[in-house]
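**Q** Take this structure, written in C-alpha cells, and hold onto it; I'll ask about it next.
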Number of protein chains: 2
Amino acid sequence: MAFKTDIQIAREAAKRPIQEIGAKLGISSDDLLPYGHDKAKVSQSFIDSVQDRANGKLILVTAINPTPAGEGKTTTTVGLGDGLNRIGKKAAVCIREASLGPNFGMKGGAAGGGYAQVVPMEEMNLHFTGDFHAITSAHNLLAAMIDNHIYWGNELEIDTRRVTWRRVVDMNDRALRQITASLGGVPNGFPRETGFDITVASEVMAILCLAKNLTDLQERLGAMIVAYRRDRSPVYARDIKADGAMTVLLKDAMQPNLVQTLENNPAFVHGGPFANIAHGCNSVIATTTALKLADYVVTEAGFGADLGAEKFMNIKCRKAGLAPSVVVVVATVRAMKMNGGVAKADLGTENVEAVQQGCANLGRHIENVKSFGVPVVVAINHFVTDTDAEVAAVKEYVAAQGAEAILSRHWELGSEGSADLATRVAEIADGDHANFAPLYADEMPLFEKIETIAKRVYRADEVLADQKVRNQLKDWEAQGYGDLPVCMAKTQYSFSTDPDLRGAPTGFSVPIREVRLSAGAGFVVVICGEIMTMPGLPRVPSAEAIKLNADGDVEGLF
Amino acid sequence: MAFKTDIQIAREAAKRPIQEIGAKLGISSDDLLPYGHDKAKVSQSFIDSVQDRANGKLILVTAINPTPAGEGKTTTTVGLGDGLNRIGKKAAVCIREASLGPNFGMKGGAAGGGYAQVVPMEEMNLHFTGDFHAITSAHNLLAAMIDNHIYWGNELEIDTRRVTWRRVVDMNDRALRQITASLGGVPNGFPRETGFDITVASEVMAILCLAKNLTDLQERLGAMIVAYRRDRSPVYARDIKADGAMTVLLKDAMQPNLVQTLENNPAFVHGGPFANIAHGCNSVIATTTALKLADYVVTEAGFGADLGAEKFMNIKCRKAGLAPSVVVVVATVRAMKMNGGVAKADLGTENVEAVQQGCANLGRHIENVKSFGVPVVVAINHFVTDTDAEVAAVKEYVAAQGAEAILSRHWELGSEGSADLATRVAEIADGDHANFAPLYADEMPLFEKIETIAKRVYRADEVLADQKVRNQLKDWEAQGYGDLPVCMAKTQYSFSTDPDLRGAPTGFSVPIREVRLSAGAGFVVVICGEIMTMPGLPRVPSAEAIKLNADGDVEGLF
C-alpha cells in the first residue's frame, strides 16, 4: 500500500481563505491582519476586546518519552482538534512555530503528519509571519546596546568578562558558538569573548511565550539580567534602556498567528521556546485567546510528559492562571516496543510481550499527570504495522492503571479516525473532573522544588549538587527570586539523566551541572547534562538539496 | 507658523485598503499577497502574466550632492508621483526599503516628508514585509554552510584565511565588525578571523535588486565568490551548494511590495542596496513590474547624481534594459547656499549671491545627466524660508544651462503643490526626446571604465591606482569579468573624493584604494576612501527613547 507523503497531502489541501477560518471563531476580517491568503495575525485590539468572556476547556496533549519510532504528538493534537470539530464542538488547536535554522540541517518538520496537519506547511517551515526574525532583532539590539554602552564609557560599570547576554541567529552555525568580538582596535570597542545561540534559545523567546500582554512583555524584557559588575551585582536590560525599543520590535510578533488544519479548522501557531532551557510551550497569549474564542482548545508541550507536561503545569499554567481539563498522553505501539527493548529495525514484527514491558514508561507518565489533579486519556496513535493484539495489550495495561486508552487513526483518516478519541475527551472535559494544582507552592525553596520534580516526577533517589550550585540558589532566594518555578533541562529520552535508560527506571540520581536565572522569563533553569544551544549542520546538510522546482514549489525541505 | 511633523501627518493619513490601491493598477485581490491591511506583495504569477505588455515612461529623480540642509529626493519622488496622478495620469512610484538597524541609532527616516509621504511609515521603518530578514537569513545560511564545509573535511580546499564571505545582521553593531569565530575546540571548527556587515551591504541585497526573476536570482547567487584556495582560484556559492536553498529563502522577498502615498496612489517599496559598494536603487523587478502597470513610473537613486544617477544608468538600466524618459534633478535653495559656502546656521537669511555660486554644483549634474542622452528638469523643492529672489536665481541659472527649473511645493501642499512639475515632466516624457545610452560600452577595459566616470562625471584630472589594483583588474578581465560595469564607492558629498570640496571642483585626482568583485551582482566595486559596511550606535542611541505609548503607538522612532 503506497502512502502519500506529508508534503503531497499538504499541497493537495483545499485551503479556505483565512478570513473564513477566523469567522469560525467570530473574528472579523478587520480584526485579522493577513499575511498572504492563508495566514493571519489576530489583532491586539480584538484580543483586548474578548478578555471578559468565559474560557473554553483546555486540553493538553503530551506523550511518553520520545523514541526514534516517533510518537506523533503534534499529529494527535491536530487530529484531536479536527475530531472535536467533526463531532460538532467548536475547537481550536494551539501549537508552536518551527525554527528556521534546523530545517537546513535535517529535513524540516511538518506541522503534524498524514491527514492531521496544519497548513501552509512550507511557509510555517520558512519565514512564516516573521516572529522569530523579530525576536532575533530584539535580542541582538540589546546585545549591540550593551557593547555600545561599554564603548562609550561604561557608566554602568559592567564587568566585560561577565556579560551573560549573547547574540542569536536562527541558523545552525557552530562557527558562532564561541567568538571573540570587538577586535580591530579602538573604533570597534573592547575585545571580549562571547557567542551566538540559536534564536529559539533566547530568553526573549521564552518571554514572548509567557507574557500576558505588551505591558507585561516590556516589564519582563526589562527584568532580564544581561551582565554583572565586578561586585557581582546584576545589570538589567532596563538599565541599558533597551526594553522599550525591544517591545516595539516585538509588537507584531506578540499577536498570535492563525492558520488552518487540512480540514479547515482554526489553528493558532505561535511561539516556540526550547523545551530544555525554556518551557517548550506555545505562547500564553495564543492559548488564552483561543480559550476566549473556542469551547475546546487542544494544545501540546515539548518532549515527553516528564519534561513537557511538568513545565506546562508548573510554569505555563501557574504563571498564566490556566487549568487543563484533561490531558491526553500519546503513545504508539512502536514506541512501547522500543521502550520494551526492541531495536528500530524489528519494530515491524508483532511482539506483545515487548509492548507490555514498554508500557511501564506510559504507566509512570499517567500516574504523574494524575498527580496534578487532571484526568488522563491515552491516545494510541495508530501505525499501519500495529496488530490488534498489540493494541489490546496497551489498552489492557492502561485500564489497569485506572485510565482509558483509545485507538486513534487521524494520521490515516483525519477526523474520521479521531472522532472516538474526541468524543471521550470532550465527555471528560465536560464532566469537570479536574482539580488542577501545580506540584509545588511558589514559597517552596528552589532546591526543594528541584527535588520535588526529581523525586515525584522522575522518581530519582536523590539530587546531586555541589555547594556552588546550592549557594547560587540561596543567593537568588535572598535577592527575591525564590518564588520562581524551576525549569529542568535534561535529556528527553529518559526519566533519568541517562538517555539510554528507557522504560521506568528507578535507583538513579539527578546531578545538577549548573543553574541559570532567567529573571525576565521568570524561572530558574536547572541544567542536568549537556545542553546544546547552537546546533551545527551535518556533513551533508539538507540545504544542499533544497531548491525551487520548475513549478515554483519548494523541493528538499520536507 | 506651526507645521505638523511627518509622523503626525502620516498617522492622520486616510489610508485605503491595499486591494483598492492594487485595483488602480489592475492587480486583483487574488494577485496581491496582503501583509496586514495596508501592505501587500504582488504575486510572482501576476508579474509573469504581464510581461508582454508595453512599458510606461520611466522617470528618474536624482539630486545635487547632498548637504546637511537636505534636498528631499524621496519627498520629491513621492510628490511627483502624486502630482502625475492629480493631473490625470496613471502613475506609480518606486522607492527603496529602509534598513532596520540605523533607526535605532539616529531617528528613523521617513519615506518622504510633509504631505508627500508613503505610508505605513512605522512598519516601513520596522520589519515591513520581512524582505531584509530574508536576505539576512540567506546570507548567513551561506556563511554557515561555508564553515560547515571546512569543518567536515574541506573537500573544496578553501584557504581559511581567504574566506571573503562574511556574515550580516540588520543592526548597527560595531562589536561584530571584526571577530574570531570557531573558537572553543574541535566541535566548533577551525578558528579564523571574519566579521559582520550590515544587511544592506550584502551582495545578496544587490542581487535581489538586479535579478530579473527567480531563475536569474539563483544563477547570480551561485556565481558569488565566497572564498579562494591557496592557488587563488575562486570558490563560488554554487560550489557550496547553497544557491538553491538561498533562492527558497528569498522567493517571497523577490515579490515587490505595494503600499500607498498619503494621496492613496500606488507606491512600490522594494530592495535597498548600499549606494556606495552597491548600486543604490530599488529592485529591477519592482521597476519593471511598475512599468507594465502604470503609464509613468517615478523612481529615485541613492545620493547625488554623480553616484546615484550614474549607477542607475550604467548599472541598473544597462542590466535591466531600461531607458529613462526624463531625469528630475532635485535642488533646494538651502542646499545651493551651502554649496555656495553658507554655514547651516545662516541658511535662514536671504543670500542670492551664495545661491548663484552654489548653482555650479547643480549645473554640472545637469550637464552630466544630459550626457546620457536624457532630458533634464530641475525641481526646486520649496522650503518656507526660500525668498522669491533666491528661487528666481536658481531658475535663471538653470535656464542658462538649457534646462528648466520648476518650483514644487509638494512638501507643504501635496499634489496641489507638484502639479506644475508633473505637467512639465509628463510633457517631456511624452515627447520622447530621450536617446539614452550608458556612458561606456561593456567591452571597455575595467580601468578605462573607471577613468571614464572619474573624468566625464566627476571631472577629475586623473585616476590614481597602484600596480596591485591594476593587475587585479587585468586578472578579472582574463577570467571573463571584463564586461562588467564598475560600481564606484566614494563620498556622496562632493564630485571629488574629498567630502569638504563642495560646488563644482576641478583639478583633483581620484585615488583607488581597493577593488572588489561582486561576481553575482555583476559589477566591480571601486573603493575610493573609507567605506563603512557596519555602522555603530551613537553615545545615546535613539533606541533608548523608542517605546510604545499608552495608545499603542510607537514613540521615539521618528
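**Q** In the range A:146-247, what percentage of the DSSP-assigned beta bridges are antiparallel, given to the nearest 5? If you can, show how the numbers build up before the last one.
**A** Numbers: 8 of 11 bridges.
Restricted to the range A:146-247, the bridges split so that about 75 percent are antiparallel.
**Q** Report ³J(HN,Hα) in whole Hz for each residue of the range B:269-278, in order, from the Karplus equation J = 6.51 cos²θ - 1.76 cosθ + 1.60 where θ = phi - 60°; Gly and Pro get x.
**A** 10, 7, x, x, x, 3, 9, 9, 6, 9
**Q** Give a residue-ordered list of calculated ³J(HN,Hα) values for the range A:63-74 (Karplus: 6.51 cos²θ - 1.76 cosθ + 1.60, θ = phi - 60°; whole Hz; x for Gly, Pro).
**A** Result, rounded to whole Hz: 7, 5, 4, x, 10, x, 6, x, 10, x, 5, 5.
**Q** Moving on to the next point. Using the Cα atoms of the range A:441-558 to build a convex hull, what is its mean projected area in square nanometres? Show your work: numbers first, answer last.
**A** Details: hull surface 44.3 nm².
One quarter of the hull surface, i.e. the mean projection, equals 11.1 nm².
**Q** Given N residues in the protein assembly as shown, what is Rg(Cα) / (2.2 N^0.38 Å)?
**A** Details: Rg = 31.0 Å, N = 1116, 2.2 N^0.38 = 31.7 Å.
Relative to the rule-of-thumb radius for its length, the protein assembly as shown sits at 0.98.
**Q** Mind putting a number on the dipole of the range A:445-558 about its Cα centre? Charges go on the C-beta only, +1 for Lys and Arg and -1 for Asp and Glu, and I need it in Debye to the nearest 20.
**A** Working: 13 positive and 16 negative charges, 65 e Å.
Using Cβ point charges on Lys, Arg, Asp and Glu, the range A:445-558 gives about 300 debye.
**Q** Give the average, rounded to an integer, of partner chain Cβ atoms located within 10 angstrom of each Cβ in A:134-141.
**A** Details: counts 4, 0, 6, 11, 0, 1, 6, 12.
Partner Cβ neighbours, averaged per residue: 5.
**Q** How much mean residue ellipticity at 222 nm does chain A get from its helices, if each DSSP H run of length 4 or more adds -39500 (n - 2.57) and you divide by all residues, to the nearest 500 deg cm²/dmol?
**A** Values: 18 runs with 173 residues, N = 558.
Theoretical 222 nm ellipticity from helices: -9000 deg cm²/dmol.
**Q** Rg/Rh for the range A:178-232: what does it come to with C-alpha atoms and Rh from Kirkwood? Spell out each step's value before the answer.
**A** Values: Rg = 15.3 Å, Rh = 13.8 Å.
Checking Rg against Rh, the ratio lands at 1.11.
**Q** Output, in nm with one decimal and in ascending order, the distances from the B:GLU396 label point to the matching label points of the other copies (7 Å from Cα along Cα-to-Cβ).
**A** Here the equivalent label points are 10.9 nm apart from this one.
**Q** Could you work out the relative contact order of chain A, using alpha carbon pairs under 8 angstrom and six or more residues apart, expressed as a whole percent? Write out the running numbers ahead of the final one.
**A** Details: 1264 pairs, mean separation 114.7, N = 558.
Relative contact order of chain A: 21 percent.
**Q** Once both labels are modelled 7 Å past Cα along the beta-carbon direction, what's the B:ARG539-B:GLU412 spacing in nm?
**A** So the label points at B:ARG539 and B:GLU412 sit 3.7 nm apart.
**Q** Mind checking which of B:PHE268, A:GLY556, B:ALA201 is farthest towards the positive end of the protein assembly as shown's charge dipole, using Cβ charges of +1 (Lys, Arg) and -1 (Asp, Glu) about the Cα centre?
**A** B:ALA201
**Q** List, shortest first and in nm to one decimal, how far the label point of A:ASP216 (7 Å from Cα along Cα→Cβ) is from its counterparts in the other copies.
**A** Output for A:ASP216: 5.0 nm, nearest copy listed first.
**Q** Here's a follow-up. Which lysines, on any chain, are close to B:LYS547 with Cα under 22 Å apart, when same-chain ones fewer than 8 places away are left out?
**A** Answer for B:LYS547, where 22 Å is the Cα cut-off: A:LYS41, A:LYS212, A:LYS241, A:LYS251, B:LYS4, B:LYS107, listed by chain and number.
**Q** Another question about this same structure. Once the other residues with Cβ under 15 Å from the Cβ of B:ARG238 are scored (Lys, Arg +1; Asp, Glu -1), what is the net sum?
**A** Working: positive: A:LYS547, B:ARG220, B:LYS241; negative: A:GLU544, B:GLU155, B:GLU203, B:ASP216, B:GLU219, B:ASP239, B:ASP243.
Charge balance in the 15 Å sphere: -4.
**Q** Give or take rounding to whole Å, what are the principal axis extents of the alpha carbon atoms in the range A:277-408, in descending order?
**A** Here the Cα extents, ordered largest to smallest, are 45, 29, 26 Å.
**Q** Give me the orientation-averaged projected area of the Cα convex hull of the range B:243-349, in nm², one decimal.
**A** Values: hull surface 39.7 nm².
Projected area, direction-averaged: 9.9 nm².
**Q** Another question about this same structure. Hey, how much of the P(r) for the range B:105-165 falls beyond 14 Å, as a percent of Cα pairs?
**A** Details: 1274 of 1830 pairs.
Above the 14 Å cut-off, the range B:105-165 has 70 percent of its Cα pairs.
**Q** Tell me which of B:PRO499, B:VAL463, B:GLY520 sits at the most positive position along the dipole axis of the range B:443-520, charges placed on C-beta atoms (Lys, Arg +1; Asp, Glu -1).
**A** The listed residue farthest towards the positive side: B:PRO499.
**Q** Got the relative contact order for the range B:81-135 handy, in percent, Cα pairs under 8 Å and 6 or more residues apart?
**A** For the range B:81-135, the relative contact order is 27 percent.
**Q** Right, another one. Please list the non-local residues whose amide H lies under 5 Å from the amide H of A:GLU555, H modeled 1.01 Å from N, same-chain partners needing a gap of 5 or more.
**A** Those lying under 5 Å, H to H, from A:GLU555 are A:LYS547, A:LEU548, A:ASN549.
**Q** Sticking with this structure for a sec: I want to make sure I understand the PRE zone here: with the label point 7 angstrom from the Cα of A:GLN8 toward its beta carbon, which residues in the range A:54-98 have backbone N atoms less than 14 Å away?
**A** Within reach of a label on A:GLN8: no residues.
**Q** If amide hydrogens are placed 1.01 Å from N in the peptide plane, which non-local residues have theirs closer than 5 Å to the one on A:TYR35?
**A** A:ALA40, A:LYS41, B:GLY36
**Q** Okay, moving on. In debye, nearest 20, what is the charge dipole magnitude of chain A about its Cα centre with +1 on Lys and Arg Cβ and -1 on Asp and Glu Cβ, if you could check?
**A** Values: 56 positive and 67 negative charges, 161 e Å.
With only Lys, Arg, Asp and Glu charged at Cβ, the dipole is about 780 debye.
**Q** What is the extension gain from B:THR385 to B:SER45, computed as 0.36 nm multiplied by their sequence separation minus the C-alpha to C-alpha distance, in nm to one decimal? Could the numbers behind the result be given before it?
**A** On the way: separation 340, 0.36 × 340 = 122.40 nm, distance 4.92 nm.
So the chain would gain 117.5 nm between B:THR385 and B:SER45.
**Q** Right, another one. Would you mind giving the mean number of other chain beta-carbons within 10 Å of the Cβ of each residue in B:539-549, as a whole number?
**A** Taking the mean over all residues of the peptide, I get 6.
**Q** Also, quick follow-up: Can you tally the net charge around A:ALA13? Count Lys and Arg as +1, Asp and Glu as -1, for every other residue whose Cβ sits under 10 Å from the Cβ of A:ALA13.
**A** On the way: positive: A:ARG11, A:LYS15, A:ARG16; negative: A:GLU12, A:ASP38, A:GLU263.
Computed value for this residue: 0.
**Q** Going toward the positive end of the dipole of the range B:1-111, with +1 on Lys and Arg Cβ and -1 on Asp and Glu Cβ, which of B:GLY56, B:GLY83, B:GLN44 do you reach last?
**A** Of the listed residues, the answer is B:GLY83.
**Q** Using the basic label-point model (7 angstrom from Cα toward the beta carbon), what is the A:ALA54 to B:THR349 distance in nanometres?
**A** With each label placed 7 Å out from Cα toward Cβ, I get 7.8 nm.
**Q** Compute, for the protein assembly as shown, the length of the dipole vector about the Cα centre, with Cβ point charges of +1 (Lys, Arg) and -1 (Asp, Glu) only. Units Debye, rounded to 20. Write out the running numbers ahead of the final one.
**A** Details: 112 positive and 134 negative charges, 244 e Å.
I would put it at about 1180 debye.
**Q** Label position 7 Å from Cα toward Cβ: report the copy-to-copy distances for A:PRO187 in nm, one decimal, ordered from shortest.
**A** 3.8
**Q** If you average over every viewing direction, what projected area does the convex hull of the Cα atoms of chain A give, in nm²? Mind dumping the intermediate values first?
**A** On the way: hull surface 102.7 nm².
With the hull built on Cα positions only, its mean projection is 25.7 nm².
**Q** Let me ask you something else. Working from Cα positions, state the angle (0 to 90°, nearest 10) between the long axis of helix A:467-476 and the longest principal axis of chain A.
**A** Relative to chain A, helix A:467-476 is tipped by roughly 80 degrees.
**Q** If packing is taken as the mean number of other Cβ atoms within 10 Å per residue, what is the order of B:228-235, A:56-63, highest first? Mind showing how you got there, number by number?
**A** Working: B:228-235: 13.2, A:56-63: 27.5.
Output ranking for B:228-235, A:56-63: A:56-63, B:228-235.
**Q** Here is a further query. Provide, as a two-decimal number, the C-alpha radius of gyration of the range A:1-87 over 2.2 N^0.38 Å, N being how many residues it has.
**A** Numbers: Rg = 16.9 Å, N = 87, 2.2 N^0.38 = 12.0 Å.
Compared with the compact-globule rule of thumb, the range A:1-87 sits at 1.40.
**Q** With each label point set 7 Å from Cα along the Cα-Cβ vector, what nm distance links A:ASN549 and A:ALA441?
**A** 6.2
**Q** Moving to a separate point now. Work out from phi, with θ = phi - 60° and the Karplus expression 6.51 cos²θ - 1.76 cosθ + 1.60, the ³J(HN,Hα) of each residue of the range A:367-379, listed in order in whole Hz, and give x for Gly and Pro.
**A** 4, 4, 5, 4, 5, 8, x, 10, x, 10, 10, 9, 9
Readers should treat all values here as calculations from the given coordinates under stated rules, not as data from a laboratory. Here the structure is a predicted model, which means the values were calculated and not measured. We place every Cβ from the backbone using ideal geometry, glycine too, and count neighbours over all the protein chains shown.
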